[in-house]
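The values are calculated or read from the model by the stated rules, or taken from the named source; none is laboratory data. What you see is a predicted model, and the numbers here were worked out from it, not measured in a lab. Here the Cβ positions follow ideal geometry from the backbone for every residue, glycine too, while neighbour counts run over all protein chains shown. We work out accessible area using only protein heavy atoms, side chains counted, and drop any ligands, DNA or RNA first. Shrake-Rupley method; radii C 1.70, N 1.55, O 1.52, S 1.80 Å.
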Amino acid sequence: MPKYVIVGGSAGAVGAIEAIREVDADGTITVISEEAPPAYSRPMIGEFLSVDASMRKLAYRSEGFWQQNRVETIVRKKAVGVDLAGRCVKLDGGEKVYFERLLIASGSRPVIVKVKGIEKDGVFTFTTLADASILKERIARSRRAVVVGGGLIGVYAADALSDLGVETTIVELRERILSLLLDQVASEIVKTRIQEKGVDVITGHSVQQILGKQDDESEVGAVVLDDGRVIACDIVVMAVGVRPRIELVQGTGINVNVGIVVDRFMRTNMPDVYACGDAAEAYDFILNDNRVLPQWPTAYEGGRIAGYNMAGKEVQYPGGTLMSALKYFDVPVAAAGLTDPRGDDRCEVLSSLDPLTSTYKKVVVKDDKVVGFILVNDIEKAGILFYLMSKGVNIAGFKEKLVSNTFGLISLPAKIRNRMLEESFRG
Amino acid sequence: MTASHREAVTMKKIIFREEVCMGCGLCEVHCLVQHSRSKDTIKAYRREDPKPLSRIRLEVDRPTTSVVQCQNCKDPPCVMACLSGAMHKDIDSGLVVHDADRCGGCLTCVIVCPFGAIKPDYSIRRIVAKCDMCQDTGIPSCVSNCPNEALVYVEAG
């Protein structure tokens, strides 16, 4: 019986394997993945699409990763159920994989809005390499695309499509794009840049129907918006968000809210069963509560924590929070935590905007601690703010420097700087 | 021998001595030139495209001056967060190594580096740049050209 079984073969699994092998060199590890190895980086599929990035570039770990870590891989198989009493995972072919400790790192899947015409040929999602591959084939004979959703995935897809010369329109239901991450000002800067690059951005509207082509009803020909507008297109990319893949554990007694609920050790409520990544609902240190955070680094870190604890080394998850760096359409953006605290009057907002260069800095402070920030166009110091935020450093003494142009490590008291140097050395 | 033990034996580090830094900024100049194609100051600053970048940053808040570059953290957040696997910790040298060929330029390392020591490269390359301790030259250029020995290169064991 394999000691460790991991469902999923992406960031969470890689983190778990690396942590397990730091602690336990011998315990057998089995990974069940719908995709075939090697482990590639999902956030880089746009590079595959636009600049034809090679597998070497897309690879998240070396080709020999599984072998080096002595991982048995069961690929192109789907885990369809968990039998906790029998301590096994059931696969779609009827096989059973027995475990001593189980990690569910099954990820998320894109939400498909069930509008009329959704079944037509030419509707794509954009989260896996397989998605990018079939989209790439299609682009060869396509001129126009509509991206449904102006979140991270939608804007990323639009960036890649427009790089390839496809005439692209983003349709976002909310009043602004990247609304979960950015405030009005930052969102507007990015939107202006996107439009300068020739991509149409329509906000406050939704796609109601997908029409076929005149000569072939089964192929995407146009979309109809809620105000009746018709936008001709050959491709529709659905990018309205992702949902945790939790079907596997439903009915097992494993506690599920939006995602699989885990504690600070990435344990579910059931003994020997752990979860991480997009499928999990884990601790957010800004919210001081659990939430689903579908972000690659969060999945990797959660996987690591799960791996340590599965292998018997007790390590507490410090928690993650919303955080993203963007480079879409060549506008560098870094944002994390609570970025738009309207309605929370205990928060104080510090900001500066240089309209000439569209350089925007915003720091959200609560109880003398950084709880969120947005930087646009000058993001080099983002990590210093992220450090202050994640360590809960009291910034009362240098608050006014946080959004100044000269903000740097030097803006922090020597005591804090020295502590940081020491921490970096000790780990 | 464990990895961390080995690291302690062999790792070298650039140490900054704030009390003798004059804030001249020559570390930035020499870093940039060292990482240029021409290795010539004038050409590096004025002619090269894409522009080479300094991987060390002088910060000034008079009377204090300071320089910041990669500290090669023991548990590097940039390695943990890297979306592409381009950033990794070399066990033998203890250095955090950035493989530009595998870098997707996602800038996630920039947002998690506590020192702000990773530089977004806004040129067409769309990647990041960081201190590599001048692995080709033996002694880091910022250290060998610091006129007041505010930067020193030492065994960190």
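Descriptive notes on the structure:
- Close pairs (6 angstrom Cβ cut-off, 6 or more residues apart or separate chains): in contact (Cβ under 8 Å) with a residue 60 or more places away in the chain and under 13 Å from A:K362 (Cα atoms) in the stretch A:378-390, assigned to a helix (DSSP H, G or I) and open to solvent by 10 Å² or more (accessible area, probe 1.4 Å) anywhere: A:F386/B:V112
- The stretch B:30-60 - residue that is in contact with a Cys (Cβ under 8 Å, 6 or more places away or on another chain) and among the hydrophobic types (A, V, I, L, M, F, W, C) and, of those, farthest from the other protein chains (Cβ to nearest Cβ): B:C31
- Filtered residues of the stretch A:298-348 (kept if within 19 Å of the chain's Cα centre (by Cα), touching a residue at least 60 places away in the same chain (Cβ under 8 Å) and within 9 Å of another protein chain (Cβ to nearest Cβ)): A:Y300, A:E301, A:R304, A:M323, A:S324, A:L326, A:V333, A:A335
Per-residue answers, yes or no, for (1) part of a strand (DSSP E or B); (2) in contact with a Phe, Trp or Tyr (Cβ under 9 Å, 6 or more places away or on another chain); (3) within 28 Å of A:G9 (Cα to Cα); (4) free of Cβ contacts under 8 Å to residues at least 24 places away in the same chain:
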{"site": "A:E119", "(1), (2), (3), (4)": "no, no, no, yes"}
{"site": "A:K136", "(1), (2), (3), (4)": "no, yes, yes, no"}
{"site": "A:Y156", "(1), (2), (3), (4)": "no, yes, yes, no"}
{"site": "A:G165", "(1), (2), (3), (4)": "no, no, no, yes"}
{"site": "A:S179", "(1), (2), (3), (4)": "no, no, no, no"}
{"site": "A:A186", "(1), (2), (3), (4)": "no, yes, no, no"}
{"site": "A:V190", "(1), (2), (3), (4)": "no, yes, no, no"}
{"site": "A:Q195", "(1), (2), (3), (4)": "no, no, no, yes"}
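- The set of residues in the stretch B:61-83 that are within 7 Å of chain A (Cβ to nearest Cβ) and open to solvent by 50 Å² or more (accessible area, probe 1.4 Å) comprises B:D61, B:K74, B:D75, B:M80.
- Single residue of the stretch B:86-102 satisfying the filter (open to solvent by 10 Å² or more (accessible area, probe 1.4 Å) and part of a loop (DSSP other than H, G, I, E, B)) that is nearest to A:N377 (Cα to Cα): B:D99
- When residues of the stretch A:136-158 are limited to those that are under 20 Å from the mean Cα position of the chain (by Cα) and open to solvent by less than 10 Å² (accessible area, probe 1.4 Å), the one nearest to A:V224 (Cα to Cα): A:V147
- Some residue of the stretch A:273-286 being more than 14 Å from chain B (Cβ to nearest Cβ), open to solvent by less than 10 Å² (accessible area, probe 1.4 Å) and in a helix (DSSP H, G or I): yes
- All helices (runs of 4 or more DSSP H) inside the stretch A:1-98 with 2 or more residues being surrounded by fewer than 18 Cβ atoms within 10 Å (Cβ to Cβ): A:11-23, A:55-58, A:65-68
- Of all residues making up the stretch B:20-60, the number that are out of contact with any strand residue (DSSP E or B) (no Cβ under 6 Å at 6 or more places or on another chain), charged (D, E, K, R) and open to solvent by 40 Å² or more (accessible area, probe 1.4 Å): 8
- Among residues of the stretch A:124-135 being of a type in the set (A, V, I, L, M) and within 21 Å of A:R245 (Cα to Cα), the one that is least open to solvent (accessible area, probe 1.4 Å) is A:A132.
- Of the residues making up the stretch B:84-108, those that are facing chain A (nearest Cβ under 8 Å) and hydrophobic (A, V, I, L, M, F, W, C) are B:C106, B:L107.
- Some residue of the stretch A:350-357 being within 14 Å of chain B (Cβ to nearest Cβ) and touching a residue at least 24 places away in the same chain (Cβ under 8 Å): no
- Counting only residues that are among the aliphatic types (A, V, I, L, M), in a loop (DSSP other than H, G, I, E, B) and open to solvent by less than 20 Å² (accessible area, probe 1.4 Å), the stretch B:108-134 holds 3 of them.
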